[in-house]
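Some notes on the structure that comes next.
The values are calculated or read from the model by the stated rules, or taken from the named source; none is laboratory data. Just so it is clear, the model here is predicted, and its values are computed rather than measured. For neighbour counting, all protein chains shown are included, and Cβ atoms are generated from backbone atoms with ideal geometry for every residue, glycine included. What goes into the accessible areas is simple: the full protein's heavy atoms, side chains included, and nothing from ligands, DNA or RNA. Shrake-Rupley method; radii C 1.70, N 1.55, O 1.52, S 1.80 Å.
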Number of protein chains: 2
Amino acid sequence: MTSTPVARPDDVRRHNRSTLLRLLHVGGPHTRAALATELGLNRSTIKTLVDGLAESGVVEERVPRPGRGAGRPSLLVLPQPQAAVVLAVDVQVEHVAIALVGLGGQILGRNSWNLHGRTGEPGEVITHVVESTAVLAGDLGVQPVAAGVSVPGVVRRSDGHVHEAPNLRWTEVALGERLAAILRIPVQVGNDAEFGAVAEHLRGTARGAQDVVYVSADIGVGGGVIAQGSSLRGAAGYVGEIGHMVIRPGGRTCYCGNQGCWETEVGEAALCRALELAPDSPRGRVIVELRRLAGRPDEARARLAEFVEWLTLGLVNVVNLLGPQLVVLGDLFTALPPSLLEQVGAEVRRRSLVSRAVGGVRVEGSKLGADVKLLGAAEAAFEGVLDTV
Amino acid sequence: MTSTPVARPDDVRRHNRSTLLRLLHVGGPHTRAALATELGLNRSTIKTLVDGLAESGVVEERVPRPGRGAGRPSLLVLPQPQAAVVLAVDVQVEHVAIALVGLGGQILGRNSWNLHGRTGEPGEVITHVVESTAVLAGDLGVQPVAAGVSVPGVVRRSDGHVHEAPNLRWTEVALGERLAAILRIPVQVGNDAEFGAVAEHLRGTARGAQDVVYVSADIGVGGGVIAQGSSLRGAAGYVGEIGHMVIRPGGRTCYCGNQGCWETEVGEAALCRALELAPDSPRGRVIVELRRLAGRPDEARARLAEFVEWLTLGLVNVVNLLGPQLVVLGDLFTALPPSLLEQVGAEVRRRSLVSRAVGGVRVEGSKLGADVKLLGAAEAAFEGVLDTV
C-alpha cells in the first residue's frame, strides 16, 4: 500500500506523452482526433504533444490514402520507426534469432544461426549476439537503445539472471548483466513463454483481451499469463512454470525431479511417442506427420487420443486456476490437426468450472508464427524506452 | 494500453489524501514525520493534508504514551474509527457472521447466527443480514457506508453475482445487486478465499509480502492469490478455483464434473476419511482428533501420509504455476499437527522448481483465526471508501 506512486503536477505532461507514444506504437497510426478520443485529452493538449514529438522526429504526420469520404482527410500521426530501435533476441534450443525492431513494432532487419546440434555455451551465444548485432546495426544505420532476450528457462526478470534453462543446459547464468555490460544498453531477459504472452497480447490473437494464458510447446512446455492486462509474475520476478504442474502422479520422471509433469505428457517428446516417431525426430518430421493427420480426422483422433486428453486436462487446470477469457496455444500445438484443437477447446469449456462461470473460455492457436518470442522480447525492451524517447 | 489513466494536476491532492489515509488505515498510527518519509512528500504538504483530515474528523492527533526518549514526543496521527464504518459479512455453509468495522480495521461490533443444518436460502440470508445490521448499527450509533460479503463460491466481482456456491446450494444469485438495493450502499461480494488472501496480505501472516497464495480448506478448498501486491482475478472478475485443479486423474468424482479434484483429496471430507471419522462428523470432532495427533507425531505421519502427499502435490503445482514467496494455509489446515505442516513446507520447497529458483517459498498457517474472511470482506468494502472519506 505504501508503494502507491504519488503523482506530481510536473509528471503529468511526461505521462501523457508516453501514453500517446504507447498508443501509436501498439495501435499504429491515428488521427489527432482519434488520439484525443482514446486518451480523453482535449485537442489543444494533443496538438502540443504531437507538435513536440514531430519536432524531435519521433512521429510524422502524413495525408492518409484517399478514402471515399467527402471533405478534407485528417492527417495521420505515425510513429517513426528509426526514432527508437531495440534489439530482440530469441534464444532457442537449436537456434538463435536476432532482430532490430523499430518504434511501431516493425522488424527492420534480422539474422539467425543454428547451433548445429550443440547446445550453445552462454559465452559463445553472447559473443555471437553482440557481433551479429553490430553487423546488422551497421547495415541498417541504426543503433539499438535497449534489448530484450527470450530464453526457454527459469529467469529472474529483475536482473535477467537465468536460474536454469534445462534444454540449453544452462544454470545460474547472469545473462542480463553480461549482455548489458558489453552492449551498454538496458537488457531485459525473460522466459520465452512470458514474452510469447506479451506478443500475443499486444500484437496477436489476444489483442484487446485482458486475461490471457499463452502456452508454448517446444521441447519443454511453458506458459505466460496476462492478468488484467499485465504480465503476471511471481516472487523475485520469476514467472510460473506451467509445464511443471504435476498432472499424472506416478508418471514419467521429469528433469525437475517430479513425475508426470505436464511437460512430460504434452511436450515434443510426448508428441513423438504419440505419433510413433523416434524420440529425437527432427521438428520437420513431426510437422509433416501432423499435417498428414490433419486430412484424416478419425485417424488423428484415435492416435492422439491420450495426448489430447493430457492436453485437455492441463488446460482445464490452467483455466480453473487462472480464469482467463482466452488461451492461446503456440509452437508445436499450432500444428495439431484443427479438428483436434476444436475438440480440446470444447472439452475445456465443458469440464472447467471457471470457464462455465465466465461464459466460455476460447482456446485458439497462435497466428504470430515463428516470430512470437522475438516480438515479445522487443516489447519488453520497448517498455522502458517509450518513457524516455 | 489505451486505458492507462492520464493524471491531471487537480487529481494529485485527492490522490495524496487517499494514499495517506490508506497508510493510516492499514499501517496504524504514524507521526507526521513518518508519513512524510513513507509517502515521499514534504512536511508542509503533510501538514496541509493532516490538518484537513483532522478538521473533518477523519483523523485525530494524540500525544503518544511516554517513551524513554528525550525531548518533546512527536504527535501521532490516528484514524478515527467512526469516520468511516463498513459492514462485513461472512456467509459460511452453516453459519453467517456480520461485523461493523471502523476506519483502521477495528471491529466495532459483531453478530452471528447458525443456519442449524439448513442451507440458507438466499432471500432468508439477505433478510437476516439486513435486520441484524440495522440492530447492530443502532446499538453502536454508526451507519455503514459500504459492505463486503464473503461467499464460498464462484463469484463475479464486478457486480457480486454468485454463479455457483455448491455447498450453500446457491446458483445464479444476484447477491450484490439484491443487497445493495436494500442496504442502499455499495456492496462488494467476493469469493471467500480471495477475501482471505486480502486479509492475510493487509493484516496477517502475509503482511508486507507481495506474492502470496492463501489456501482455505472448509468443506471446499479455495485459493486467493496476491500477485505483485494486488488481488489476482481472471475474466469478468472471477477468481481462480484452485480446489478444482485435477490432481488425481481417475480419482473421486467431484460435484464440478471432474474426477480427482484437489478439493476431493484435501477437503474436509478427505480429512475425515484419513482420520477414519464419519463423513459428516462435526468440525469440532475433527479438530479434537487433530489436536490429539499433534502430540503423537509418528501416528500423525502414518495416518495422514496420503492426505499430506496430496496436499503437498497440490501446493507444488500452485507454487510452480504462480511463484509466490509465501503460501498461507487457512481454516482446517491450521489445525494439522505442526510437524506435518513443517514437513509439507519442506517437501514443497524440495519438489518445486520455482521454489528452488525463488530461493525457497515459505508455507505457513494463518494466524488471523476465524475472522480472516470478515476482515477481508471489510477491506474490499473500504477499497472504494478511502478515496471519498
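Out of the DSSP beta bridges found with both residues in the protein assembly as shown, what percent are antiparallel (nearest 5)?
Numbers: 72 of 108 bridges.
Roughly 65 percent of the beta bridges in the protein assembly as shown run antiparallel, per DSSP.
Kindly provide the helix-only [θ] at 222 nm of the protein assembly as shown, computed as the sum of -39,500 (n - 2.57) over DSSP H runs of four or more divided by all residues, to the nearest 500 deg cm²/dmol?
Numbers: 28 runs with 326 residues, N = 778.
It comes out at -13000 deg cm²/dmol, rounded to the nearest 500.
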- Of all GluC sites (Glu not before Pro) in segment B:248-315, the ones in DSSP coil with at most 10 other Cβ atoms within 10 Å are B:GLU276
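Using Cα-Cα distances under 8 Å and only pairs 6 or more residues apart, what relative contact order does segment B:66-193 have, in percent? Let's see the in-between values first.
Working: 246 pairs, mean separation 28.5, N = 128.
That works out to 22 percent.
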- Message: Let me check against my output: what whole-number percent is the relative contact order of segment B:207-367, with C-alpha pairs under 8 Å and at least 6 apart?
- Response: 23 percent
- Message: For A:LYS373, give me every one of the aspartates and glutamates with a C-alpha distance below 13 angstrom, ignoring sequence neighbours fewer than eight places off in its own chain.
- Response: A:ASP90, A:ASP192, A:GLU194, A:GLU200, A:ASP218, A:ASP331
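Looking at the square roots a ≥ b ≥ c of the eigenvalues of the Cα gyration tensor of the protein assembly as shown, which shape do they give, rounded for a/c under 1.5, prolate if a/b is larger than b/c, or oblate?
oblate
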- Message: Give me a comma-separated list of calculated 3J(HN,Hα) values for segment B:147-160, in order, Karplus coefficients 6.51, -1.76, 1.60 applied at θ = phi - 60°, integers in Hz, x for any Gly or Pro.
- Response: 9, x, 10, 9, 10, x, x, 8, 10, 8, 5, 4, 9, x
- Task: State, as an integer percentage, the relative contact order of segment A:226-294 based on alpha-carbon contacts under 8 Å between residues 6 or more apart.
- Result: 16 percent
- Message: Residue by residue through segment B:356-361, what is 3J(HN,Hα) from phi via Karplus (6.51 cos²θ - 1.76 cosθ + 1.60, θ = phi - 60°)? Round to whole Hz and write x for glycine and proline.
- Response: 5, 5, 5, x, x, 6
- Task: Among DSSP beta bridges lying fully in chain A, give the percent that are antiparallel, nearest 5.
- Result: 65 percent
- Would you be so kind as to list the residues of segment A:209-237 that have their accessible area lowered by at least 30 Å² in the full protein complex compared with their chain by itself (1.4 Å probe)? A:ASP211, A:GLN228, A:LEU232, A:ARG233, A:GLY234, A:ALA235
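Under 10 Å from the Cβ of A:ALA99, count the other residues' Cβ atoms, weight Lys and Arg +1, Asp and Glu -1, and hand me the total.
On the way: positive: A:ARG110; negative: A:ASP90, A:ASP371.
Cβ neighbours under 10 Å give a net charge of -1.
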- Provide the FRET efficiency to the nearest 0.05 for the A:HIS15-A:HIS116 pair, computing r from the beta carbons and using R0 = 30 Å. 0.05
- Within segment A:126-154, the residues whose backbone N lies under 15 Å from a label point placed 7 Å from the Cα of A:GLU177 along the Cα-to-Cβ direction are none
- Query: Looking only at other chains, what is the average number of their beta-carbon atoms within 10 angstrom of each beta-carbon in B:310-321?
  - Reply: 5
- Query: Which far-off residues, 5 or more places away or on another chain, put their amide H under 5 Å from the one on B:GLU164, with H placed in the peptide plane?
  - Reply: B:VAL154, B:GLU172
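Determine the share of chain B's accessible area contributed by carbon and sulfur atoms, expressed in whole percent, with a 1.4 angstrom probe.
Working: 7860 of 15860 Å².
After summing per-atom areas, the C and S share lands at 50 percent.
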- Approximate shape of segment A:250-375 as ellipsoid semi-axes (Cα gyration tensor, √5λ), whole Å, largest first: 23, 18, 16
- Of the beta bridges DSSP finds with both residues in segment A:206-367, what % are antiparallel, to the nearest 5? 55 percent
- Quick tally, 1.4 Å probe accessible area for B:ARG273, B:ARG110, sorted with the most first, runs B:ARG110, B:ARG273
- Query: In square angstrom, what is the accessible area per residue of the protein assembly as shown with a 1.4 angstrom probe?
  - Reply: 41 Å²
- Task: Measure off 7 Å from each Cα along the Cα-to-Cβ vector at A:VAL135 and A:LEU75, then give the distance between these two points in nanometres to one decimal.
- Result: 4.2 nm
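How far, in nm, would the chain grow between A:ARG350 and A:ARG303 when pulled straight, counting 0.36 nm per residue and subtracting the alpha carbon separation?
Details: separation 47, 0.36 × 47 = 16.92 nm, distance 2.25 nm.
Here the segment from A:ARG350 to A:ARG303 would lengthen by 14.7 nm.
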- Note on the structure: Diffing segment A:225-242: the Karplus 3J(HN,Hα) column from phi (6.51, -1.76, 1.60, θ = phi - 60°), in whole Hz with x for Gly and Pro, holds 10, 9, 10, 6, x, 10, 4, 8, 10, x, 4, 6, x, 6, 8, x, 10, 4
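Find out how many positive minus negative residues lie around A:VAL372, taking Lys and Arg as positive, Asp and Glu as negative, among other residues whose Cβ is under 15 Å from that of A:VAL372. Intermediate results must be reported in sequence, preceding the final value.
Numbers: positive: A:ARG110, A:ARG203, A:ARG207, A:LYS367, A:LYS373; negative: A:ASP90, A:ASP192, A:GLU194, A:GLU200, A:ASP218, A:ASP331, A:GLU364, A:ASP371, A:GLU379.
Within the 15 Å Cβ shell, the charges total -4.
Near A:THR127, within a Cβ-to-Cβ distance under 12 Å, what is the net charge of the other residues, with Lys and Arg +1 and Asp and Glu -1? Please report the intermediate quantities before stating the final value.
Values: positive: A:ARG178; negative: A:GLU121, A:GLU124, A:GLU131.
Neighbour charge sum, excluding A:THR127 itself: -2.
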- Query: Once A and B are treated as a pair rather than alone, how much accessible area drops out, both sides summed, in Å² to 100, probe 1.4 Å?
  - Reply: 5200 Å²
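Once you average over the residues of A:346-357, how many Cβ atoms of partner chains fall within 10 Å of each Cβ? Walk me through the intermediate numbers first.
Values: counts 0, 0, 0, 0, 1, 5, 6, 15, 11, 2, 5, 13.
Mean inter-chain Cβ contacts per residue within 10 Å come to 5.
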- For B:ARG17, the accessible surface traced by a 1.4 Å probe with all protein chains present amounts, in square angstrom to the nearest 10, to 70 Å²
- To the nearest whole number, what is the average tally of beta carbon atoms from other chains within 10 Å of the beta carbons of peptide A:248-257? 3
- Here the gain from full extension of B:ARG292 to B:ASN42, 0.36 nm per residue of separation minus their alpha-carbon distance, amounts to 84.3 nm
